[in-house]
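The values are calculated or read from the model by the stated rules, or taken from the named source; none is laboratory data. Predicted, not measured: the structure shown is a model, and the values here were computed from it. Ideal geometry is used to build each Cβ from the backbone, glycine not excepted, and the neighbour counts take in all protein chains shown. Please note that ligands, DNA and RNA were not included when accessible areas were found on the heavy atoms of the full protein model with its side chains. Shrake-Rupley method; radii C 1.70, N 1.55, O 1.52, S 1.80 Å.
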There are 4 protein chains.
Amino acid sequence: MVKVKLVGATGYGGVGLIELMMRHPEIEIGSLIAATETGKPISAFWPHLQGICDEMVHAADDPEADVDVDVVVYSTPDGIGMQLAPAEVANGRKVLDYSGDFRFNSTELYEDYATRLGIPVQHKAPGLLNDSVYGLVELHREEIAAASVVGNPGCYAVACIIGLAPAAAAGLVEADTIICDCKTGISGGGKKPKQGFHYPEAYDSSYSYRLTGHQHVMEVERELSVLAGSDIQLTFTPQVVPMTRGIIACLYGKLPRGVDQKKVLAAYREFYAEKPFVRVMDTPAATGHVRGSNFVNVTVACDERTGTLRIISHIDNLVKGQAGSAMQNLNIMFGFDEMTGLNFPGAHP
Amino acid sequence: MVKVKLVGATGYGGVGLIELMMRHPEIEIGSLIAATETGKPISAFWPHLQGICDEMVHAADDPEADVDVDVVVYSTPDGIGMQLAPAEVANGRKVLDYSGDFRFNSTELYEDYATRLGIPVQHKAPGLLNDSVYGLVELHREEIAAASVVGNPGCYAVACIIGLAPAAAAGLVEADTIICDCKTGISGGGKKPKQGFHYPEAYDSSYSYRLTGHQHVMEVERELSVLAGSDIQLTFTPQVVPMTRGIIACLYGKLPRGVDQKKVLAAYREFYAEKPFVRVMDTPAATGHVRGSNFVNVTVACDERTGTLRIISHIDNLVKGQAGSAMQNLNIMFGFDEMTGLNFPGAHP
Amino acid sequence: MVKVKLVGATGYGGVGLIELMMRHPEIEIGSLIAATETGKPISAFWPHLQGICDEMVHAADDPEADVDVDVVVYSTPDGIGMQLAPAEVANGRKVLDYSGDFRFNSTELYEDYATRLGIPVQHKAPGLLNDSVYGLVELHREEIAAASVVGNPGCYAVACIIGLAPAAAAGLVEADTIICDCKTGISGGGKKPKQGFHYPEAYDSSYSYRLTGHQHVMEVERELSVLAGSDIQLTFTPQVVPMTRGIIACLYGKLPRGVDQKKVLAAYREFYAEKPFVRVMDTPAATGHVRGSNFVNVTVACDERTGTLRIISHIDNLVKGQAGSAMQNLNIMFGFDEMTGLNFPGAHP
Amino acid sequence: MVKVKLVGATGYGGVGLIELMMRHPEIEIGSLIAATETGKPISAFWPHLQGICDEMVHAADDPEADVDVDVVVYSTPDGIGMQLAPAEVANGRKVLDYSGDFRFNSTELYEDYATRLGIPVQHKAPGLLNDSVYGLVELHREEIAAASVVGNPGCYAVACIIGLAPAAAAGLVEADTIICDCKTGISGGGKKPKQGFHYPEAYDSSYSYRLTGHQHVMEVERELSVLAGSDIQLTFTPQVVPMTRGIIACLYGKLPRGVDQKKVLAAYREFYAEKPFVRVMDTPAATGHVRGSNFVNVTVACDERTGTLRIISHIDNLVKGQAGSAMQNLNIMFGFDEMTGLNFPGAHP
């Protein structure tokens, strides 16, 4: 059994991985670490786990947390993983980080990212950074398999990159015309209560936010640029709609001359032929169809009348957008089939 | 007092106008007509009206419904208004229709529209059609004031046209690049239960539909083309998100060389300076801010990095998108100030 | 025009009264006071008011707030009104308070209440307290008309008292068997974000809380005891269900021998014959039927098989449960018809 | 592997069991039967299953559906199972039925039930009926293990019986004082769209219905009467709150003299000591804590001030209230541990 030390166990990203580990035949909890709620079982904070998972939550420096593990997962905000990872790697452990700490494998790119967020620009573990791998299995399976340090992708980024990668790779979109109109459920903001996520404020209302400079844009642009072989900049509109789980990303761009729906659809089907979590279709889908699961529904619906590439990408932001991608990465990092412990649908309705 | 015969009184569009008439100092119910639920007070069907509005609902051919009225409002599906309007107009009454029956003032345009919907292409009242006016007060106040027959606009169309009109009129967007990414609340589908609107199916899920040929596109293209003085075709993506009221429309296009956020914002402010229901801003808004009211929030948020016009338009689909626009039209048709009976906010939260 | 100084203008209780004052022909805003968000228009905090109500929000000690008003309304937590009211009353102003400060017209009762809440037991304005009146118009219209200081009732208390008053008054329930099973929407907790009201935590879940000693119980017991002429103690179970507005209170007790559904229904109809906001019926209702309005739907549905009085009471917790009752009190305090500015339905859906 | 023929595969009860069978190591789909949507994979109707479960849906008389199975599960309305079961049992198959067809093991009791529902009172398979067992494992484990025909309990009944059984069995409640105030999520009404479940009608509203004679009452009264050794009749108030999954049942009755919270809590803990799905506690819980799982949270919170037994029972109506209980029954019927394939939490949030 692969043992996991999970740092940040009490957040949505942490509890999501706990739920997945309980289903996984080969990966299990080594220890649970958090900044608060320590000294109690995780089920005292998340009562749905009562009697099913009652593991203790430890402080990071609690000696009892120092069990023998194979991998450390940081389900923590920016800046935590890069501080703690070097010691773990030195101890022979692999590292998977949910934040932006290891999504950009050069100090220059990280500096750009940190600047955009207004956080300190100097990376704390540049050595690990250079060797780190972007953890989107659909694009980087081989590197992830060989990596010590993997940066789990952002939720919006997963939806956008999977939705646009085939078009970028095959030149099916004019590079300077890409628009990502993204709607997320409220759990994307984490467990911490805020005014905009207060039930009476959030219900029956949809809104946009951070209309310039959302931090996930950079991942999307970097990955697509690599695939396209040219520099891509895109327009990104994050929005919140009154649901808990799900991202629906409508992705647009000009079709190059001679490219039509049929050609795009064929290219998408080929690109994802061996990617078991991506379902390519040419009919409308719903975030409800991927809710609670690691699947991505990609609808190819170009508008030939206006010559527009249109892709609609659907994920569960907490699964494929977070803990599910993490588990998929762990599967690859430890040599399991990527669907192990993840080949299930959500519960409907 | 202006008296209204309301045909289709029991639908969401009908009950919305009833609620508004109860607040209006100069416009009142003459008679209520419906195809079902007749012979009972409207409050038997919509119990929130009990003791406040207990008007009887009549069948169309019920003699008791034949009261002396000044205007007939058809809150009915396509095809009803055009059949019944000629006799009313002949009787000296004005007509306001919620459907597509009088949104296109030529039989050729109507034929296109009907073809798109798969309904009979021959208009039943071509004489009235040619004299009819498109009922968006922000664009057609003068014609509406003089009109006998007004076609109330579609809900998506209101959000898109108001969001794009200043750009189209002033050449602030390249005409062949426009994308309308529109998210509606579920009440847009009317009161009739359907699988996709069944609570357990609709909650916590967002989805797209009718990815080609939504019937509202044609109105948007027609109005923008007139403003731009050139033929505009656009890409339109209707989506349903789990809320009851509201449309958030993200509207995109290429900025022509030399056009930036500042210039666009100024143009929008000028265009809507005398339009009391349109609030132009350069910060994110929410559909919750217009919920229950006739206001439109228009956020101008161009992405200068990519040279993209970006406008986010927010309405309540049942008010400015339907009954509120209807009342605004009635105000203009009968010489009242356009805000009469409409100058109120929704109830928050 | 009656002018109101509203203290606590930015909370749900405050904004609710602002919305109602904008509809009222005789009562208007004098000044808006709050502890935070001062120095800006109220519409900067509540954007749905933009362009409709842009009154400035002042700090309590701001000289600009010191306008000539007829009444001061405290939409504030326990302990504020009693501190500030004496000076206002000395200035000839009437006072209406939303908290528990003036719901109990003796220092002994207040002490009990404060003990239950764990707040200081000594009332700060005992002189006013003794003259204060409990502001439920359906029971205390005459006293309210004559009062200088009125305590607006708690939301649960409104639902329970109106639901049980006729039974208590006419001996239609055995006094020691009363159970109040109450379900509230989340806005009852106010505008402040908390873990249990965080959208992802609150959606699709119902829960009970404070299973002993909810502060509203005391009001209910006091009012019912007075009506019954004997001491009543009852079991009260507050619950939160995932909606924003509404309370549905199921009220139970043993029917005395010889009392049946018919007799109860008749007694309720008689009791509320002259109370225009109370709708008595013998069929199921919904909180949606009173949402956004000051009406109360009272379903009388005794279970004769088991000899049980069963009353189901429905209110909008923010209207009849708070700002609407406040306006109804103001109407009575200033000699207007009690329905003035309140005789409207909510917007459906 | 135990093979299941599932009749009624496309309803919520059917798809719930499909999801559970996909997790179960020893029980699997034999064939899927439905009245509509036949001739297509189940994933064509429920797209979340696409690529995970693409079994064909057959008509009942389709020869391809006639595979060798060990048990037939009827997830069908009243009246279907009793018609089809005899032939299956004659073929050596066990039967589990979701409806009321086999919840009452005598024709007299069935007649009462059918009368209450207004359906034909004559049972179609009285021989099987007399041998059938009520499928609540917590009360009837031994009989279920030996049974050929099991009647899966109603969702409300599960919540009420589990919540009241220890009190009834130990005489901790006065038998003629029991009140069940039950709130269900909307999925309890099944997948079929109806006016009251239409999203715009159902959101932000709570309502009661069928205030006399809900069909589940009879199961509750029968089971409790057997436990109490005397005839129990109770008051039952079904309500719908705007959530998809969950039942919160508040259960009340008079405490006999000398019975207090401590004694009740101890009795409940003892009663459920060996029942792994029942969590007894003395603090408030939430339906969200059992959402997506087969667990029952039972809060014991007597009100000693008024001498009232108060139990709050929480289930997921689609799991413990339907498909989960079905799977628990199958586990017992085929000799597996009752938690096999069911020992997991729901996904939070």
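Summary of computed values
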{"item": "Translational diffusion coefficient (Stokes-Einstein; Kirkwood radius from C-alpha pairs) of region A:67-124 at 4 °C, 1.567 mPa s, in µm²/s", "result": "109"}
{"item": "Position B:A145, label points 7 Å along Cα→Cβ, spacing to each other copy in nm (shortest first, one decimal)", "result": "4.9, 7.5, 8.8"}
{"item": "Axial C-alpha extent at least 20 Å, average Kyte-Doolittle at least 0.5 - helices from chain B (DSSP)", "result": "B:155-170"}
{"item": "Relative contact order %, region B:155-317, counting alpha carbon pairs below 8 Å whose residues are six or more apart", "result": "31"}
{"item": "Residue and distance (whole Å) for the chain C Cβ nearest the axis that superposes C on A", "result": "C:P193, 2"}
{"item": "Average beta-carbon neighbours from other chains, 10 Å sphere, peptide B:316-324", "result": "1"}
{"item": "Neighbour net charge for B:P193 - beta-carbon separation under 11 angstrom, K R +1, D E -1", "result": "+3"}
{"item": "Total charge dipole magnitude, region C:155-317, about the Cα centre, Cβ charges on Lys, Arg, Asp, Glu only, Debye to nearest 20", "result": "360"}
{"item": "Normalised contact order of chain C, rounded percent, pairs of Cα under 8 Å and 6 or more residues apart", "result": "17"}
{"item": "Zero-based 10 Å bins, Cα pair distances in region A:144-289, whole percents", "result": "10, 36, 34, 16, 3"}
{"item": "Debye-sum result for region C:1-46 in log10 I(q)/I(0), which assumes one identical scatterer on each alpha carbon, at q = 0.13, 0.20, 0.24 Å⁻¹", "result": "-0.25, -0.59, -0.83"}
{"item": "More than 16 Å apart - percent of Cα-Cα pairs taken over region C:284-348", "result": "53"}
{"item": "Along principal axes, Cα extents of chain B, largest first, whole Å", "result": "64, 44, 39"}
{"item": "Ranked by how many other beta carbons lie within 10 Å on average, peptides C:117-130, D:238-251 from highest", "result": "D:238-251, C:117-130"}
{"item": "Listed residues D:I33, D:I332, D:I80, most fluctuating in chain D (Gaussian network, C-alpha, under 10 Å)", "result": "D:I80"}
{"item": "Inverse mean reciprocal Cα-Cα distance (Kirkwood Rh) of region C:1-157, Å", "result": "16.0"}
{"item": "Rg/Rh for region B:175-245, where both radii come from Cα atoms and Rh is the Kirkwood radius", "result": "1.08"}
{"item": "Nearest-20 debye value, the protein assembly as shown charge dipole, Cβ charges on Lys, Arg, Asp, Glu", "result": "0"}
{"item": "Residues along region A:147-184 losing 20 Å² or more of accessible surface when the other protein chains are present rather than the chain by itself (probe 1.4 Å)", "result": "A:D176, A:I179, A:D181, A:K183"}
{"item": "Most mobile listed residue (B:A326, B:A146, B:A165) in chain B, GNM with C-alpha springs under 10 Å", "result": "B:A146"}
{"item": "Label geometry 7 Å along the beta-carbon vector: B:K262 inter-copy distances in nm", "result": "5.0, 7.8, 8.3"}
{"item": "Cα gyration tensor, region B:69-221 - rounded (a/c under 1.5), prolate or oblate", "result": "oblate"}
{"item": "Loop trypsin sites (Lys or Arg not before Pro), region A:143-198 (other Cβ atoms within 10 Å of the site Cβ: 14 or fewer; DSSP)", "result": "A:K194"}
{"item": "Largest to smallest principal axis extent of the C-alpha atoms in region D:99-150, angstrom", "result": "32, 21, 15"}
{"item": "Inter-copy label distances at C:S106 (7 Å, Cα→Cβ; nm, one decimal)", "result": "5.7, 8.2, 8.4"}
{"item": "Fraction in percent of alpha-carbon pairs per bin - 10 Å, region B:210-349", "result": "11, 34, 40, 15, 1"}
{"item": "Phi to ³J(HN,Hα) by Karplus 6.51 cos²θ - 1.76 cosθ + 1.60 over region C:232-247, Hz, x for Gly, Pro", "result": "10, 10, 9, 9, 10, 10, x, 9, 10, 10, x, 9, 8, 10, x, 10"}
{"item": "Interatomic Cα distance distribution for the protein assembly as shown, bins of 10 angstrom, percent", "result": "2, 8, 16, 20, 21, 18, 11, 4, 0, 0"}
